[in-house]
Structures are given as C-alpha cells and as structure tokens.
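The values are calculated or read from the model by the stated rules, or taken from the named source; none is laboratory data. These figures come from a predicted structure and were not determined experimentally. Every residue, glycine among them, receives a Cβ derived from its backbone with ideal geometry; neighbour counts consider all protein chains shown. Side chains included, ligands, DNA and RNA excluded: accessible areas come from the protein's heavy atoms. Shrake-Rupley method; radii C 1.70, N 1.55, O 1.52, S 1.80 Å.
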Amino acid sequence: KLTTQLINVTNPLVDRLNISLESLAYELHNVTVSRVLQLENSLENVSNHVKNVTRGNDKKINVLNNTLHSDLFSLNSSLQHQDEVFKNNISSLHTSLGDQTKALDTLQLRFSSLNSSFREHCGAGKGRLVGWRSKEWNETSEIGTNLHTVVKLTFKKQRSDTFLRFTFFTTRVERNGQGCSQWYFMVGKTECTPHSIKGHTHRKIEMSSSIVGVCKGTSDRIILKGTHEVSMHVRHCPWSSDSLWTPITGFHTTTTLLVEEMCPPQNDA
C-alpha cells in the first residue's frame, strides 16, 4: 500500500519534471538557434566589410602598382637616353681631344721649327734696324726743361722675345756752371727696367756724345710685338740740389735716334 501511494505521488512529479525539462530544452534550443543566427549574421557582416575594405585597398594597390611601374619605366627610359647622350658626348670629347692634340703637336712642331730658324738666322747679339729719325737744330738750339721731350719715334717690333737697342747721338750742353742735366729714354710713358738708359752732363760743358742701351721691358711689362713709341727726354739730375740749370740739346748739329730689334744674348738664348 505504501509503494502504491509512493508511486502515485512520484508519477505526477516525474511528469511535471519531464514537462519542465522538455520546456527548458525547447527554450534552450530556441535561444541557441537565435544566438547562432545572430553570430552568423555578424560574421557575414564582418566578412562583407572585410571584403569591401580589401576590395578598395586592392584598387588602391593596383593604382599604386600601375603608377610605380609607369614611373620606373619612364625612369629607365630616361636613364637609357642619358646614358646614350653621355656615351655620345664622351665619344665627341675623345674625338675633339684627339683633334686638338694633333693641332697642338702641329703647332709645337711649327714653333720648334720657327724657333730653330730664328736662332739660326738671329744668333746671339745680332739685330736689325726697325726705326730711326734725325732732327736738325737751328741757331737758337733747344732750351730743355724738366721732362722735356727732345725727340720721339714710332716703330714696329717684330717679336715679343727680342730686345731693343736705342742709340741717341747729339751735342749736349749744360750752360750753368754748377748744374747737372740728364738725358734718358722712355718707351711709351715708362723708363726701361731694371736699368734705365740715360746719360748726364755736369757743370758747364759742351760735347758731342752718344747714349746707347738695351731694353727688354718697362716697369709694368715686357715690350711685346707691335707698334711702340720711344722718346728721349731731358731733366734735372735727381741727386743735384742746384735748380739753376739750362740744358741744351743739338747746338747747331743733327740729333739722330736709332731703334734696333736685337736677338737675345747668348746666356738667354
């Protein structure tokens, strides 16, 4: 009897428990299915978003790749062109250098030949007349003053490596008993260096004399090939303190000025 009662009590409880379990299982299934669907939708959205982002980046990457390939192609073409231009320039320079070297060799041979011919023809110390002038003086003579030009001459120098020899012949007079006068050459507006060509008279003296000297250059440069002017001047002697002097050039005679172009001396040849 007790067992029957226990069964009668237990069966309803078991039935109710089964119903509760079935309801709970059903609800759990529904929740699980819903959650799975939500997760699937989320995953699909994420996947679509990733695909869209990747697709946009792929386009950008393709554009960048195309631009990069285009730039590389242009750069490569430019480098090839510049390389060809450089090679052509190098070839032209080599050709030009060869031509210039040949021309220089020809000039050197020509110069050597001309120089040898000049040395053989010239010889040390020899020269030739390139200009001269004579001046007649009347009875009143010529009263000199400081930096007074006695006579001048324009001549043409044939070479730049030669010397000039100046010869001046005249009668020079110093009227003052204690005076000192100096006659000197100038080329252009400068005296010869390192040694000026000059001569002087002291006290009261009358004499015929010559002043001769060789000049290679002036204080600022050598005397180059071309046209130049040489002149003879008279002045008070720099070392004399007596200012009462009366230099006279000529004095009833003829003054002669000669200019010769001289070959270099033996030790300069």
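Tabulated data
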read-out	value
Hey, Ala124 at pLDDT below 75 and out of contact with any Ser or Thr (no Cβ under 9 Å at 6 or more places or on another chain) or not	yes
Only one of Glu206, Glu260, Glu174 that is acidic (Asp, Glu) and modelled with pLDDT of 75 or more	Glu260
Any hit, region 111-121, residues being aliphatic (A, V, I, L, M) and modelled with pLDDT of 80 or more	no
Candidates Ser219, Ser243, filtered to the one that is open to solvent by 80 Å² or more (accessible area, probe 1.4 Å), at pLDDT below 75 and either among the β-branched types (Val, Ile, Thr) or closer than 28 Å to Thr162 by Cβ (or both)	Ser219
